[in-house]
1. Under a Cβ-Cβ cut-off of 11 Å, what is the net charge of the residues other than B:Glu36 that fall near it, where Lys and Arg count +1 and Asp and Glu count -1?
2. Report the calculated FRET efficiency for A:Ser86 and A:Lys27 (r = Cβ-Cβ distance, R0 = 45 Å), to the nearest 0.05.
3. Cα extents of chain B along the three principal axes, largest first, in whole Å?
4. With a ≥ b ≥ c the root eigenvalues of the C-alpha gyration tensor of segment B:80-145, is it rounded (a/c under 1.5), prolate (a/b larger than b/c) or oblate?
5. Using the charge dipole of segment A:47-96 (Lys, Arg: +1 at Cβ; Asp, Glu: -1 at Cβ; taken about the Cα centre), state which of A:Ala56, A:Val79, A:Asn91 has its Cα farthest towards the positive end.
6. Please name which of A:Ile31, A:Thr43, A:Val9 has its Cα lying farthest along the dipole of segment A:2-47 towards the positive end, using unit charges on Cβ (Lys, Arg +1; Asp, Glu -1) and the Cα centre as origin.
7. Measuring from centroid to centroid over Cα atoms, what is the spacing of segment A:50-77 and segment A:78-145 in Å?
8. Can you give me the angle between helix A:63-75 and the longest principal axis of chain A, using Cα atoms only, in degrees from 0 to 90, rounded to the nearest 10?
There are 2 protein chains.
Amino acid sequence: MMLIKQVGVMVNILNCKLKKHIASVFKSEGINLTAEQFLVMDTLWNQGEMTQQSIAYIIQKDKNSVTQFIDNLEKKGLVNRVVDSSDRRVNNIRLSKAGMAMKDNTKNVAIDILNDIVEGISEEDLKTFVKVLNKACDNIEKLKE
Amino acid sequence: MMLIKQVGVMVNILNCKLKKHIASVFKSEGINLTAEQFLVMDTLWNQGEMTQQSIAYIIQKDKNSVTQFIDNLEKKGLVNRVVDSSDRRVNNIRLSKAGMAMKDNTKNVAIDILNDIVEGISEEDLKTFVKVLNKACDNIEKLKE
DNA sequence: TCCCTATTTTTGCATTATCCAAACATTAGG
DNA sequence: CCTAATGTTTGGATAATGCAAAAATAGGGA
């Protein structure tokens with residue numbers, strides 16, 4: 001019972017601390033991205049050009065939020081909207097040269113941040129942690145139906 | 001490596017889904033509280049009247065955020081600011097009758113939500129999950145120093 | 001008592017994330 | 001063609017969070 005209550009509170013607290021920490025390290029490293037913008041960039045770095053809809057699906061945000069993320073990334077000159085040649089409703093989001101250029105450094109910084117954060121946690125516990133995260137998300141999805 | 005990347009993404013996703021789900025269930029149950037406002041109310045229900053600073057410490061938010069939470073809860077008539085008699089800088093936050101009255105129902109709804117969400121997850125995995133959440137938070141705190 | 005500093009909270013201002021509903025452009029199916 | 005569906009944008013709203021400065025009060029010396 002006590003345990004269950006911790007889940008709700010702690011997920012919220014960890015998420016806030018994590019976002020704040022990422023913002024702070026990114027800033028000190030000269031990386032001008034919010035946590036959410038990083039999620040988008042990371043998706044593009046890993047999987048290349050894709051539609052806003054695919055991005056929304058992968059990072060599990062709604063389309064309005066993604067529109068805004070892309071707006072901000074476009075303002076920063078990191079991505080471009082390219083109208084799809086076979087379906088003109090679709091925007092393909094393409095990394096700009098600047099967006100490409102920051103890939104390696106930013107990914108390294110992100111990996112370092114996460115390594116610092118999981119310091120002292122066993123591989124096994126980490127596996128369980130991710131498993132529970134996924135299961136909880138699935139459960140929430142199922143509750144919607 | 002893949003595992004570590006999941007941590008950052010999944011914590012963000014779970015937190016969003018959780019907040020959204022709580023908002024939706026609270027709404028359908030006629031409970032007019034955001035997730036953060038609930039954290040404040042729950043703290044007051046459990047520990048009684050306390051200062052904004054103590055609340056901020058317990059729910060791990062900064063003082064500005066807490067000021068806003070209390071503003072909104074006060075507007076809803078759920079809490080009152082009571083100036084401390086021995087130190088007039090301090091506001092003691094006290095539950096109103098309405099704030100008290102919603103306690104049992106709201107706590108039950110919250111417990112039900114969390115039980116639904118951890119459905120199918122073993123007690124042991126849940127313990128590990130909470131342990132990792134706490135450890136990760138601690139790690140972030142230590143990185144600040 | 002008076003001054004300086006520390007503490008608790010508020011204010012003002014800004015950014016960001018998120019939501020909803022409606023609009024828009026385009027495509028696809030009958 | 002026309003209608004329905006799809007991908008995206010827009011407008012309008014609330015909320016969380018951050019920073020810096022201000023306001024009110026307390027407390028410790030000189």
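1. Numbers: positive: B:Lys19, B:Lys61; negative: B:Asp42.
For residues surrounding B:Glu36, the net value is +1.
2. 0.65
3. Over chain B, Cα extents along the principal axes are 54, 43, 23 Å.
4. oblate
5. A:Val79
6. A:Val9
7. Here the two parts' Cα centres lie 12 Å apart.
8. 60 degrees
Only the coordinates and a few stated rules stand behind these numbers; no lab work does. These numbers were taken from a predicted model, which means no experiment stands behind them. Glycine also receives a Cβ, built like all others from the backbone with ideal geometry; neighbour counts cover every protein chain displayed.
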